[in-house]
Ligand SMILES: Cc1cc2nc3c(=O)[nH]c(=O)nc-3n(C[C@H](O)[C@H](O)[C@H](O)COP(=O)(O)OP(=O)(O)OC[C@H]3O[C@@H](n4cnc5c(N)ncnc54)[C@H](O)[C@@H]3O)c2cc1C
């Protein structure tokens, strides 16, 4: 018989969209929830300095591939949605149904509740409009994209989305964490979970480190939502073999074009417009970034002559659905080589983006180096998780982008929120319809 004392109904590790949606769903229904979050819960200031401290510390916060490519994530309450571009992309319902998962109702409910809409004409930016016009002239179905933004609070000519919105305009997973805390959930910040404690194949608690001390806490059920890199690390240390291999990162690059006479383009919400070549697995969108980041990207790519270009530049993001490959060596280092097909997709995307820029009037075009922002499929449904996101240990679940069964190549947050809402209902005993087949 166990000697541990269960202090909580559920412990949720990590507070990105995966963890936050589960914590909110459970606490709303009276469950005693503890959220353990490695990052801070300070107000978001929208400064370069705060962004650096939350995510741009190589290895400890920003994992690097062995080839030196950065994988961007945010270590703070709300997770990477603090940095994200707030694009609400429709989940791949068909692909998930293949694995016995139907989140259509959850997404319909989230669409009703969250501030999801295309950007208003007042907030549109000349570079995004010109990108959309030029792409359409070349025959691409480029449209305004759905955004997760309280547009009444969003400021024109602001460049702080990527740092973390200081105006509370950008919806991010902190909104769900705040709600969970209002519902009575407890959150402990600066708590780095090391492993899950198990007894006879059943998860009973977690071990975490905070301010140099090791703590253990126990609950009926454990949900790991530490993100695509964090979750497999915790599971490996807990004795689950094989996780963290053959994963995707949705590699991306920025292709930029300077258009004489275009003015006031740099400061705007990123990803206002875009399109996707479904079969090729390539997505395109405008991607406005703060000026300092553009300088860093230019220097990183040896585009020294372009560092002063900003307000007359159209920045296009090219993102691909990559092949599953590589291995997570530890939380800070991953081995992930792009396949020949991945490189061909990126090259095709870069060519298309340059054509769009030239058609828009750009005299000069140039590209950033390759980065990644969506590490996923490290603890796959169908391989390491069942359709209810349960691991091979009873009472242990995973809910974040690591659970994706296949690479997606699309912005994943809405999908993760749908999975988290569904998991909360499952843990409450409200069986979603699709799990009955
Ligand atoms: C620049 C950028 C732009 C993006 N734009 C979009 C977009 O427009 N639309 C979209 O849908 N997606 C976008 N994304 C991707 C999206 O933000 C992520 O896919 C999403 O946040 C992943 O959610 P998650 O819950 O899996 O993990 P995360 O959001 O990364 O959350 C994981 C949490 O776990 C915590 N954690 C990690 N390890 C531990 C540990 N050991 N113990 C305790 N806590 C831990 C972290 O601090 C973090 O809070 C973007 C990403 C980036 C980087």
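Some values worked out for this structure:
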{"quantity": "Residue list for segment 55-74, restricted to those being surrounded by fewer than 19 Cβ atoms within 10 Å (Cβ to Cβ) and under 16 Å from residue 40 (Cα atoms)", "calculated": "56, 57, 60"}
{"quantity": "Whichever residue in segment 370-380 is modelled with pLDDT under 95 and in a loop (DSSP other than H, G, I, E, B) and, among such residues, is farthest from the chain's Cα centre (by Cα)", "calculated": "370"}
{"quantity": "Some residue of segment 381-388 being under 23 Å from the mean Cα position of the chain (by Cα), surrounded by fewer than 24 Cβ atoms within 10 Å (Cβ to Cβ), within 13 Å of the ligand (Cβ to nearest atom) and not in a loop (DSSP other than H, G, I, E, B)", "calculated": "no"}
{"quantity": "Residue count, segment 131-150 (criterion: surrounded by fewer than 23 Cβ atoms within 10 Å (Cβ to Cβ) and in a helix (DSSP H, G or I))", "calculated": "3"}
{"quantity": "Residue within segment 177-187 that is within 16 Å of the ligand (Cβ to nearest atom), part of a loop (DSSP other than H, G, I, E, B) and more than 22 Å from the chain's Cα centre (by Cα) present", "calculated": "yes"}
{"quantity": "Lone unmet requirement of (1) within 14 Å of the ligand (Cβ to nearest atom); (2) at pLDDT 95 or above; (3) not in a strand (DSSP E or B) for residue 162", "calculated": "(2)"}
{"quantity": "Qualifying position, being farther than 21 Å from residue 73 by Cβ and touching a strand residue (DSSP E or B) at 6+ places or on another chain (Cβ under 7 Å), among 246, 141", "calculated": "141"}
{"quantity": "Considering residues of segment 389-414 that are farther than 19 Å from residue 230 by Cα and not in a loop (DSSP other than H, G, I, E, B) only, the residue farthest from the chain's Cα centre (by Cα)", "calculated": "394"}
{"quantity": "Residue list for segment 359-369, restricted to those being outside any loop (DSSP other than H, G, I, E, B) and in contact with a strand residue (DSSP E or B) (Cβ under 7 Å, 6 or more places away or on another chain)", "calculated": "364, 365, 366, 367"}
{"quantity": "Conditions (1) at positive phi; (2) within 13 Å of the ligand (Cβ to nearest atom); (3) modelled with pLDDT of 95 or more; number of the one not met by residue 395", "calculated": "(2)"}
{"quantity": "Tabulated pairs, segment 352-365, first within 16 Å of residue 283 (Cα to Cα), second assigned to a helix (DSSP H, G or I) and modelled with pLDDT of 95 or more, C-beta under 8 angstrom, 6+ apart or interchain", "calculated": "356/131; 356/134; 356/135; 357/134"}
{"quantity": "Within segment 165-176, tally of residues that are in a loop (DSSP other than H, G, I, E, B) and in contact with a strand residue (DSSP E or B) (Cβ under 7 Å, 6 or more places away or on another chain)", "calculated": "2"}
{"quantity": "Residue check, residue 338 under 23 Å from the mean Cα position of the chain (by Cα), buried (at least 20 other Cβ atoms within 10 Å of the Cβ), in a loop (DSSP other than H, G, I, E, B) and more than 16 Å from the ligand (Cβ to nearest atom)", "calculated": "yes"}
{"quantity": "Index of the failed condition, residue 307 passing every other in (1) in contact with a helix residue (DSSP H, G or I) (Cβ under 6 Å, 6 or more places away or on another chain); (2) surrounded by 15 or more Cβ atoms within 10 Å (Cβ to Cβ); (3) over 30 Å from residue 224 (Cβ atoms)", "calculated": "(2)"}
{"quantity": "Subset of segment 186-209 that is crowded, with 24+ Cβ neighbours inside 10 Å and touching a helix residue (DSSP H, G or I) at 6+ places or on another chain (Cβ under 9 Å) - its residue that is farthest from residue 223 (Cα to Cα)", "calculated": "193"}
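Residue-by-condition table, conditions (1) under 20 Å from the mean Cα position of the chain (by Cα); (2) within 18 Å of residue 27 (Cβ to Cβ):
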residue	(1), (2)
175	yes, yes
201	no, no
222	no, yes
228	yes, no
231	yes, no
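So that you can scan it fast, the table gives a plain yes or no per residue for (1) under 14 Å from the mean Cα position of the chain (by Cα); (2) under 29 Å from residue 275 (Cα atoms):
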| position | (1), (2) |
| --- | --- |
| 45 | no, no |
| 52 | no, no |
| 55 | yes, yes |
| 64 | no, yes |
| 83 | yes, yes |
| 89 | yes, yes |
| 101 | no, yes |
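The values are calculated or read from the model by the stated rules, or taken from the named source; none is laboratory data. Since the structure is predicted, the reported quantities are computational estimates derived from the model, not experimental observations. Note that we place each Cβ from the backbone using ideal geometry, even for glycine, and neighbour counts take in every protein chain shown.
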